[in-house]
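Everything on this sheet refers to the single structure shown next.
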Amino acid sequence: MKGCIGMLKENLKYVEKRIQAACDRAGRPRDEVTLIAVSKTKPVEMIREIASLGIVDFGENKVQEIIEKNEIIKDPLNWHMIGHLQRNKIKYIVDKTCLIHSVDSIKLAMAIDEEAKKKNVVISILIEVNVAKENTKYGIYPEEILELVYNISYLSNIRLKGLMTIAPFVENPENNRVHFSNLRNLCVDIKSKNIDNVTMNILSMGMTGDYEVAIEEGATMVRVGTGIFGQRAYHVS
Ligand SMILES: *Cc1c(COP(=O)(O)O)cnc(C)c1O
């Protein structure tokens, strides 16, 4: 395991250096950007190792993985739900996740609100936006957002904190700059309307291939998986 642990430390150092450099280029303080280590498919030993290096925010895209890992790891980590969420599974994670990044319909928001009420908690969420309008992706189109924001603002056990996007897979991250910039503008627009229960201070955008550009365009959370943990091996079952 030793070589493996050394690798994680090196990876994290490299990512940190590039985050700092992107912040410097953009004239932003480093503490404006939260690094979420995306640990999906990765074992708890690796999560513990990254946690021991000072990371507290972890991203998962499956309810089952959040439940299992949260049960095994006793450290108080922040679990971010970043994947598509099925309504019948909300009840399992509503009190275990610090932020749900992937809300893209009023039906889903209402279901989260309902489960949050049952557990007597208030849940922070982001709206997932399909900025590039790719038909393979979840997320709402930009022109549909405002209606969703107003509808969500009436839900008592939900706080809308901002927007999230999964940008297209591109060779050159510069090609995603326009999408990140559009998402930030949407966020600023909504914020300026001063809607009750809606704060819009979080922009979750940027992954291993494009987090530097995302930071230059205003990301406050970047979700980095491969860059920290290495390639994911998906087992065919
Ligand atoms: C897997 C995943 C990531 C991390 O992707 P990498 O390219 O490995 O950094 C980020 N966000 C979401 C929503 C993901 O599903």
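The values are calculated or read from the model by the stated rules, or taken from the named source; none is laboratory data. It should be emphasised that the depicted structure is a prediction, and the values quoted were computed from it without experimental measurement. All Cβ positions, glycine included, derive from the backbone under ideal geometry; neighbour counts span all protein chains shown.
See the values below:
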| quantity | calculated |
| --- | --- |
| Residues that are at positive phi and touching a residue at least 24 places away in the same chain (Cβ under 8 Å), drawn from the stretch 181-201 | ASN197, MET200 |
| Test for TYR92: is it loosely packed, with under 13 Cβ neighbours inside 10 Å and either within 15 Å of the ligand (Cβ to nearest atom) or among the aromatic types (Phe, Trp, Tyr) (or both) | no |
| Filter result for SER204 (surrounded by fewer than 20 Cβ atoms within 10 Å (Cβ to Cβ), of a type in the set (Ser, Thr, Tyr) and at pLDDT 95 or above) | no |
| Failed condition for ASP196, given (1) touching a Phe, Trp or Tyr at 6+ places or on another chain (Cβ under 9 Å); (2) over 16 Å from ILE123 (Cα atoms) | (2) |
| Failed item in (1) touching a helix residue (DSSP H, G or I) at 6+ places or on another chain (Cβ under 8 Å); (2) closer than 29 Å to VAL129 by Cα, with HIS101 passing the rest | (1) |
| Flag if THR226 is surrounded by fewer than 21 Cβ atoms within 10 Å (Cβ to Cβ), under 23 Å from THR136 (Cα atoms) and not aliphatic (A, V, I, L, M) | yes |
| Subset of the stretch 26-73 (residues that are within 12 Å of the ligand (Cβ to nearest atom), farther than 20 Å from MET221 by Cα and outside any helix (DSSP H, G or I)) | THR41, LYS42 |
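To keep it simple, each residue is scored yes or no on (1) away from the ligand (no atom under 12 Å from the Cβ); (2) in contact (Cβ under 8 Å) with a residue 40 or more places away in the chain.
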{"site": "LYS161", "(1), (2)": "yes, yes"}
{"site": "ASN175", "(1), (2)": "yes, no"}
{"site": "LEU203", "(1), (2)": "yes, yes"}
{"site": "ASP210", "(1), (2)": "no, yes"}
{"site": "VAL222", "(1), (2)": "no, yes"}
